[in-house]
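In what follows, a single structure is set out as structure tokens and then discussed.
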Amino acid sequence: MTEMITYTRKDGVTEPLTDERIGWQLDGYRLVVGLEVHVELTELKTKMFSSDPIDFGGDPNTRVGPVTAGLPGSLPVANKQGVRSAALMGLALDCGIAGTCEFHRKNYFYPDLPKNYQISQYEIPLCHDGFLDVVVDPDPAYGDEGDEPIGRRVRIERVHMEEDTAKSSHSGDTGRLHGADKSFIDLNRAGIPLLECVSRPDVRTPEEAQAYVRELIAVVRAIGISDARMEEGSIRCDANVSVHIPGEPLGTRTEIKNLNSVRSIGRSIAYEAERQVRAIQAGETIVMETRHWDESAGVTATLRRKETLADYRFFPDPDLTPIVHTDQQIEELRAGLPELPKQARARLAEAGIAADIVITLVDNDLVPWLDDAVAAGADASTAANWITGELLGACAAAELDVHACGLSGTWMGQLAGLVADRTLSNKLAKQVLQVALKQGGDRSPSEVAEAEGLQQVSDEGALQAIVDQVIARNAKTVEDIRGGNAKAIGALVGQVMGATKGQADPKLTNQLLQRAING
Amino acid sequence: MSLTPDEVRHVAMLARLAVTDDEVAALAPELNAILGYAEQVGEVAAHGIPTTVHPIPLTNVLREDVPGEVLDREELLAQAPAAEDDRIVVPRIVSED
Amino acid sequence: MSELITKSAAELATLVRTGEASAREVTDAHLARIEQVDGNAGYDKDAVGETDVHAFLTVTADAARAQADEIDAARARGDELPPLAGVPLATKDLFVTKGTETTASSNILRGWIPPYDATVVTKLRQAGTISLGKVNMDEFAMGSSTETSAYGNTRNPWDLGRVPGGSSGGSVAAVSGMMAPLATGTDTGGSIRQPAALTGTVGMKPTYGRVSRWGMVAFASSLDQAGPIARTVEDCALMYTAMAGHDPKDSTSLPNDVDDVFASLRTGIEGLRIGVVTELQGDGYEPGVSASFAEALTRLEELGAEIVEISLPHAPYGLPAYYLVAPSEASSNLARYDGTVFGTRVDAPTSEEMNAATRAAGFGTEVKRRIMIGTYALSAGYYDAYYQQASRIRTLIANDFKAAWEHADLLVSPSSPGVAFEFGSKSADPIAMYLNDVATVPGSLAGIPAMSVPSGLDEQGLPVGLQIMAPLLREDLMLRAAWAFEQATGFDTTPRGANAVATPQGARA
């Protein structure tokens, strides 16, 4: 495990990331960011330490047994699948897996914590010392690599298991803690299995932070442990931000809590970094504190000063036993890992798919769609274009989640196939897609095309008759063309299209017209 | 080792116990006496000795991911000192976690 | 007063099975005894009369009678009865009981009606026992005299001016006072063995993990262990058999099958090597206790055991280590009592103040003391010197025991350094009170099975107990020695003396 912070050049060479290459700087200050990402294991059926069900969206306080409520006499028993999910995550992040690790209690009083301690891991987490290679979107500031994406390696300090807290809401107009005169506790979320992924402070730009979280989400989805929806809180991010002048000691860091979108991660870090620089320049001292990101105002604001370090009084939870993994078990888990985003990226690049399309596919968890499309007979590049271009665009326009739009990779593959065999023109295929998005994916693209009368007319005999009619009616235009006005053929194509309600194969139409006019 | 009244207050704060000055005055010598007694553990050269948390070491006691029964919500909320709108109610929260 | 209350659990089970007595008669006899000697102060400490034993906080008479009637009906139908069918039981208020108030003798849980049952409660019901109600204890099991209960003292049936020991004081008083032949106890540092010794009853702490902790209000999770309290070793073995076993709801529950302790119970101890623990006798032990212990050794030798001297070099550090480990765990276990999800609440403008005020009002002095000690022992800068060091000493003590088993099959010591003491005589000095556990704590830290069996009376006529300790999971060997010792001693468990509880008719005294 290298202790150096590195980046990867376009040509694949990895080099130390020197200050000169850091893409963010302000009046000589550079940015240092570490990220803590919480992943809710939403794909499990029960909580981390009890058999109480995980069922999102239920009525308040309906997923609560004695353990979740922290009732006297209740005892935790760890979820086997929760441990497995955590180990998979660690392996996906190239972490070491502890041969033996244990659960600790983190003791602090808070109304959303029924036992007033959180079961977590402390000295020995299940997973330690890994890394995540992220692809940073075009960033000219990196120097002479131009606008191609480049890689950055962010080291992972640890991934550990813990339990989520309850959800509290607050009285009053704002619904926020401040100004409320009472709060309401819903215990449904309490005890939901969480992974905490802690990075080293290797992130140097707001864009890298965004890319890191996007990549982490892609990894989580690839291994199937969480739906990884930031907007619904199943991925939550805290950012530790500081600035310093290269060569000088690191600055005091502040922690921006509970960032709930990739966009706000970038914006808040950029804001906070500039705020710190300006504060230092104004002679102020940066204090250790947690800060809240106000998305609408676009500012961070003090939540809590950490005048004294919190004293969590960690100690091994005597109600739980250590977790032991043999080398063999670890290797079995590793062998069972599905294709990870970085592997998918390499494979897709090999297949000749453009780099920006690869990123879009990976970030949107659409690599399996492409694989299905190819399995359905489509050309990889064409299918990738259809999926990332037309499909995502149409979904965005219709405010649809692509994974809930009713279509599938196979469906998109069939659509691309219809274009390839000229059953559909591009234009018609787009219409088929629009119709299918409205109707759901029950019918195949060819069924939709047939039902809607959208098939392309590619039958030479049928088209020849129409072409002959058009030529006969437009003797003057034909003469013009023969006289050298080649562009005038467009008008004739338009008439053929009109006669076929736009379904004539444009290429074939052109050929037939040319043959009829020029012999 | 001797706890000052301020340290007693700090520990009470960590333990979320409201204490009066009189209680602090009474607790300080009691706690010091108990700690003084307990500090005998320091006489034993135990460096490098592993700690025991479980008298009989078990490992990997794990549960299958199968849902069980939950409490009836009315029964759950009936335990709570205050409840409203199907939720447990607490007074204004001052600190951020 | 029916002589049924003088019978052992084994005898009562036989009477019910053969139809010589109905479960209803047995239950009514014990309920009548409770009415006769226990008073009915319940949770009202100011209502405890001067001669009330006050073992019970709640008497569930109706439920008990209904359950007895079911057993009688089952017998009438010819159903096979479970082993302890119709045997009354007193349940320590540390066990969570569905629909019946459970307080751990603390104000902070006053009025709490649990929505579920402890595994021990379920298992004992399935074994046919009839719970007569919930009995008093030291608050959250923190104490050695039951004086820390928020609900008043429980009196020692042998001398109503003295404590019954603790924390299972209500349990032993109910059994000794013949209000129930069996009671559940819990033992963290001696809370079954010491009160058993002080009331002339038999109390057993099984191997840690042998009895499920699910539904047992936690004090110190790595030490807490439930066990039986009875008047005979046989009853103790019967109840242990009914309580023990693996429970998937408790991660620390042992998966091993429970041995049949009856196979060897009556086979004697000829040839067994019994070790006398050097460090657990002598200075600090009352003369009456030492004398009874010496007699006990003679008796064991007469039974054919070989007495050997065994040193547990780290045993003297057991008590200080215990008083760091147990409060540390307790400080965390008791954090949940904050007035939010269950229990009592003291209103205040903010949640933080509400928590602090609720805990200040709800916890008694000793509980607060231990929470403070534990919080401190876990806090930054002290964790290693206190909690960690104490946890290392646990290892050394466990190693001492392992070494001892090379030379002895069982170990013995007095169960308690003294006999029952007068109310208030030790409450002012926490350490004097803690010293009650000096003989029992080493076994607790090592997790081994240990029990107290009566060895006689001291010069004041107060009971003394012999502690027998066995290797991990050797309850069979321990009970075998206890049974042989009990037969040889012929100890009469009926409380007697000038200030004793009223003796029932038909008692052997």
Handout entry: From A:Arg304, A:Arg313, residue being at pLDDT below 95 and of a type in the set (D, E, K, R)
Key = A:Arg304
Problem - Selection from the range C:337-371 of residues that are closer than 19 Å to C:Ala104 by Cβ and among the hydroxyl-bearing types (Ser, Thr, Tyr) - result: C:Tyr337, C:Thr340, C:Thr344, C:Thr358, C:Thr365
Practice task
Select from the range A:38-77 the residues that are among the hydrophobic types (A, V, I, L, M, F, W, C) and under 29 Å from the mean Cα position of the chain (by Cα) and write down the one among them that is nearest to A:Ser199 (Cα to Cα).
Solution key: A:Val39
Completion exercise
Checked against (1) part of a loop (DSSP other than H, G, I, E, B); (2) at the interface with another protein chain (Cβ under 7 Å from one of its Cβ atoms); (3) without any contact (Cβ under 8 Å) to a residue 60 or more places away in the chain, A:Leu75 satisfies every condition except (3)
Handout entry: Total residues in the range C:208-253, condition among the basic types (Lys, Arg) and closer than 14 Å to C:Pro449 by Cα
Key = 1
Exercise for the section: State whether the residues of the range C:407-414 include one that is touching a strand residue (DSSP E or B) at 6+ places or on another chain (Cβ under 7 Å) and either at positive phi or among the charged types (D, E, K, R) (or both). Expected result: yes
Completion exercise
Over the range A:203-228, the set of residues of a type outside the set (A, V, I, L, M, F, W, C), surrounded by fewer than 24 Cβ atoms within 10 Å (Cβ to Cβ) and either within 14 Å of chain B (Cβ to nearest Cβ) or not in a helix (DSSP H, G or I) (or both) is A:Gly224, A:Ser226, A:Asp227
Practice task
Quick one: count up the residues across the range C:417-474 that are touching a strand residue (DSSP E or B) at 6+ places or on another chain (Cβ under 9 Å), within 14 Å of chain B (Cβ to nearest Cβ) and either part of a strand (DSSP E or B) or at negative phi (or both).
Solution key: 11
Handout entry: Meets criteria (of a type in the set (D, E, K, R), surrounded by 24 or more Cβ atoms within 10 Å (Cβ to Cβ) and either closer than 17 Å to C:Lys426 by Cβ or in contact with a strand residue (DSSP E or B) (Cβ under 8 Å, 6 or more places away or on another chain) (or both)) for C:Arg162
Key = no
Exercise for the section: Scan the range A:251-289 for residues that are hydroxyl-bearing (Ser, Thr, Tyr) and surrounded by fewer than 19 Cβ atoms within 10 Å (Cβ to Cβ) and jot them down. Expected result: A:Thr252, A:Ser261, A:Thr285
Exercise for the section: Report yes if some residue within the range A:59-69 is within 7 Å of another protein chain (Cβ to nearest Cβ), assigned to a loop (DSSP other than H, G, I, E, B) and charged (D, E, K, R); otherwise report no. Expected result: yes
Completion exercise
Counting only helices (runs of 4 or more DSSP H) entirely within chain B, those with at least 3 residues that are more than 7 Å from every other protein chain (Cβ to nearest Cβ) are B:5-14, B:21-38
Completion exercise
For strands (runs of 3 or more DSSP E) lying entirely in the range A:92-174, having 3 or more residues that are modelled with pLDDT of 95 or more and among the β-branched types (Val, Ile, Thr) picks out A:150-163
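Quick grid of which residues meet (1) within 14 Å of chain B (Cβ to nearest Cβ); (2) more than 16 Å from the chain's Cα centre (by Cα); (3) in a helix (DSSP H, G or I):
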residue: A:Gln329; (1), (2), (3): yes, yes, yes
residue: A:Lys342; (1), (2), (3): no, no, yes
residue: A:Gly352; (1), (2), (3): no, yes, no
residue: A:Ile357; (1), (2), (3): no, no, yes
residue: A:Asp365; (1), (2), (3): no, no, no
Handout entry: Condition check for C:Thr129: of a type in the set (Ser, Thr, Tyr), out of contact with any helix residue (DSSP H, G or I) (no Cβ under 6 Å at 6 or more places or on another chain) and in contact (Cβ under 8 Å) with a residue 12 or more places away in the chain
Key = yes
Exercise for the section: Determine which member of the set A:Val277, A:Val243 is assigned to a strand (DSSP E or B), more than 29 Å from B:Leu14 (Cβ to Cβ), in contact (Cβ under 8 Å) with a residue 24 or more places away in the chain and among the β-branched types (Val, Ile, Thr). Expected result: A:Val243
Practice task
Considering each residue of the range A:42-52, count those that are within 10 Å of chain B (Cβ to nearest Cβ), β-branched (Val, Ile, Thr) and either surrounded by fewer than 24 Cβ atoms within 10 Å (Cβ to Cβ) or assigned to a loop (DSSP other than H, G, I, E, B) (or both), and give that number.
Solution key: 0
Problem - Number of the condition not met by C:Thr298 [criteria: (1) free of Cβ contacts under 8 Å to residues at least 60 places away in the same chain; (2) within 30 Å of C:Glu270 (Cα to Cα); (3) outside any helix (DSSP H, G or I)] - result: (3)
Practice task
Considering only residues that are in a loop (DSSP other than H, G, I, E, B) and within 23 Å of C:Gln225 (Cα to Cα), look in the range A:310-327 and name the one that is farthest from the other protein chains (Cβ to nearest Cβ).
Solution key: A:Asp317
Handout entry: Residue check for A:Val39: surrounded by fewer than 24 Cβ atoms within 10 Å (Cβ to Cβ) and either more than 11 Å from chain B (Cβ to nearest Cβ) or modelled with pLDDT under 95 (or both)
Key = no
Exercise for the section: Kindly list the number of the only condition in (1) away from every other protein chain (no Cβ under 14 Å); (2) touching a residue at least 40 places away in the same chain (Cβ under 8 Å); (3) not in a loop (DSSP other than H, G, I, E, B) that fails for A:Ile286. Expected result: (3)
Practice task
Only residues that are more than 7 Å from every other protein chain (Cβ to nearest Cβ) and surrounded by fewer than 17 Cβ atoms within 10 Å (Cβ to Cβ): list them for the range C:346-360, please.
Solution key: C:Asp347
Exercise for the section: Please verify whether the range C:307-322 includes one or more residues that are over 14 Å from C:Ala439 (Cα atoms), more than 11 Å from chain B (Cβ to nearest Cβ), crowded, with 18+ Cβ neighbours inside 10 Å and out of contact with any helix residue (DSSP H, G or I) (no Cβ under 7 Å at 6 or more places or on another chain). Expected result: no
Practice task
For the range C:141-158, state whether one or more residues are buried (at least 23 other Cβ atoms within 10 Å of the Cβ) and in a helix (DSSP H, G or I).
Solution key: yes
Completion exercise
Restricting the range C:361-390 to residues that are among the small types (Gly, Ala, Ser) and more than 7 Å from every other protein chain (Cβ to nearest Cβ), the one surrounded by the most Cβ atoms within 10 Å (Cβ to Cβ) turns out to be C:Gly374
Practice task
Taking A:Ala239 as meeting all but one of (1) at pLDDT 95 or above; (2) more than 30 Å from the chain's Cα centre (by Cα), write down the number of the exception.
Solution key: (2)
Exercise for the section: Please tell me if C:Ile397 is crowded, with 18+ Cβ neighbours inside 10 Å and more than 7 Å from chain B (Cβ to nearest Cβ). Expected result: yes
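The values are calculated or read from the model by the stated rules, or taken from the named source; none is laboratory data. All values reported here derive from a predicted model rather than from experimental measurement. Note: ideal-geometry Cβ built from the backbone for every residue, glycine included; neighbour counts use all protein chains shown.
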